[in-house]
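Chemist: Just dropping this structure here.
The values are calculated or read from the model by the stated rules, or taken from the named source; none is laboratory data. The structure displayed is predicted, hence computed values, not measured ones. Cβ placement follows ideal geometry from the backbone for every residue including glycine, while neighbour counts extend to all protein chains displayed. Heads up: the accessible areas ignore ligands, DNA and RNA and are worked out on the full protein's heavy atoms, side chains in. Shrake-Rupley method; radii C 1.70, N 1.55, O 1.52, S 1.80 Å.
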Amino acid sequence: TQLLEQSPQFLSIQEGENLTVYCNSSSVFSSLQWYRQEPGEGPVLLVTVVTGGEVKKLKRLTFQFGDARKDSSLHITAAQPGDTGLYLCAGAGTASKLTFGTGTRLQVTL
Amino acid sequence: GAVVSQHPSRVICKSGTSVKIECRSLDFQATTMFWYRQFPKQSLMLMATSNEGSKATYEQGVEKDKFLINHASLTLSTLTVTSAHPEDSSFYICSAPSEGQETQYFGPGTRLLVL
């Protein structure tokens, strides 16, 4: 079973702070996706990274895929309360199957 | 963008009864759909892959006789939790990959509470 470990599991920060979430695996994935999920809702796709070493930016969010395509990171600059949620990485395997990471719960307070 | 819906959004049932959850792709066809279960404060765990016109593929540890999956058309998959027990209470989410893409579209989830 492929496992994707995320760290930290939980993060509580104040508005304006920066943070980084890590997603690590011993397996290689064809692509890796990051999602954000709010309570009582399905996850919403933020980004897909495909190429080893790839960096993608989405406003204040920067996503990086490791050179070996086994790990990824999500960096948020100047966090805002609206960034609060559960962040999930997911590795894509065969037949569109996704393996989700253990999740990082982020809370941003005023 | 592509939309996936689920019905019902939440359901409460008595222990021992069966509950059916529907997952529909609204503007695209999906030969494959995925069913996940999410317990409070945990990540999504894949339960099974629903295949249109053939049997579902279940992940290790998921009882196929308890979680019946039917994918009768290219836009609808159903998950039936049979003889539900309180430990089956969870958030059930489906997803469908858009044909030809690696992008998956997730439904809004169904919260099941078994009393």
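Chemist: For chain B, just say rounded, prolate or oblate: build the C-alpha gyration tensor, square-root its eigenvalues into a ≥ b ≥ c, call rounded for a/c under 1.5, and beyond that prolate if a/b exceeds b/c, oblate if not. Present the calculation step by step, with values, prior to reporting the outcome.
Modeler: Numbers: a/c = 1.75, a/b = 1.55, b/c = 1.13.
In terms of gyration-tensor shape, prolate.
Chemist: What residues have an amide H closer than 5 Å to that of B:Thr103, excluding those fewer than 5 places away on the same chain, when H is modeled at 1.01 Å from N in the peptide plane?
Modeler: B:Ser98
Chemist: Using +1 on the beta carbon of Lys and Arg, -1 on that of Asp and Glu, and nothing else charged, what's the dipole of the protein assembly as shown about the Cα centre, debye to 20?
Modeler: Details: 19 positive and 19 negative charges, 45 e Å.
Approximately 220 debye in magnitude.
Chemist: Under the Cβ-under-4.7 Å rule, which cysteines of chain B stay unpaired?
Modeler: B:Cys13
Chemist: Of all DSSP beta bridges located in chain B, what percent are antiparallel, nearest 5? Working shown, then result.
Modeler: Numbers: 34 of 38 bridges.
Beta bridges within chain B, antiparallel portion: roughly 90 percent.
Chemist: Report ³J(HN,Hα) in whole Hz for each residue of the stretch A:43-60, in order, from the Karplus equation J = 6.51 cos²θ - 1.76 cosθ + 1.60 where θ = phi - 60°; Gly and Pro get x.
Modeler: For the stretch A:43-60, the Karplus-derived couplings read x, 10, 5, 9, 7, 10, 10, 10, 9, x, x, 5, 10, 10, 10, 9, 6, 8 Hz, x marking Gly and Pro.
Chemist: Could you tell me whether chain A comes out rounded, prolate or oblate from its Cα gyration tensor? Rule is a ≥ b ≥ c as square roots of the eigenvalues, rounded for a/c under 1.5, then prolate if a/b exceeds b/c, otherwise oblate.
Modeler: Numbers: a/c = 1.94, a/b = 1.57, b/c = 1.24.
Prolate, since a/c reaches 1.5 and a/b exceeds b/c.
Chemist: Which far-off residues, 5 or more places away or on another chain, put their amide H under 5 Å from the one on A:Ser31, with H placed in the peptide plane?
Modeler: The list, which skips near neighbours in sequence, is A:Ala92.
Chemist: Based on the alpha-carbon gyration tensor of the stretch B:5-72 and its eigenvalue square roots a ≥ b ≥ c, which shape applies: rounded if a/c is under 1.5, prolate if not and a/b is larger than b/c, or oblate? List each step's numbers first, then the result.
Modeler: Working: a/c = 1.40, a/b = 1.24, b/c = 1.12.
Taking the square roots of the gyration eigenvalues as a ≥ b ≥ c, the stretch B:5-72 is rounded.
Chemist: Each residue of the stretch B:60-70 in turn: what ³J(HN,Hα) in whole Hz from Karplus with 6.51, -1.76, 1.60 and θ = phi - 60°, glycine and Pro shown as x?
Modeler: 4, x, 9, 7, 5, 7, 8, 10, 7, 10, 10
Chemist: Could you sort the peptides A:21-34, B:76-89 by per-residue average Cβ neighbour count (10 Å cutoff), highest mean leading?
Modeler: Working: A:21-34: 19.3, B:76-89: 17.2.
So the order, starting with the most tightly packed, is A:21-34, B:76-89.
Chemist: Going by Cα centres, the stretch B:14-46 and the stretch A:1-40 are how many Å apart?
Modeler: The stretch B:14-46 and the stretch A:1-40 have Cα centres spaced 22 Å from each other.
Chemist: Then there's this: Quantify how strongly other chains surround peptide A:39-48 by giving the mean number of their Cβ atoms within 10 Å of each of its Cβ atoms. Present the calculation step by step, with values, prior to reporting the outcome.
Modeler: Values: counts 2, 6, 7, 15, 9, 2, 5, 0, 0, 4.
Across A:39-48, the average partner-chain Cβ count within 10 Å equals 5.
Chemist: Principal axis lengths of the protein assembly as shown from Cα atoms, whole Å, largest first?
Modeler: 48, 37, 32
Chemist: Now for a separate question. In the stretch A:36-110, carbon and sulfur make up what percent of the accessible area (probe 1.4 Å)?
Modeler: Numbers: 1770 of 3440 Å².
Ligands and nucleic acids excluded, carbon and sulfur reach 51 percent.
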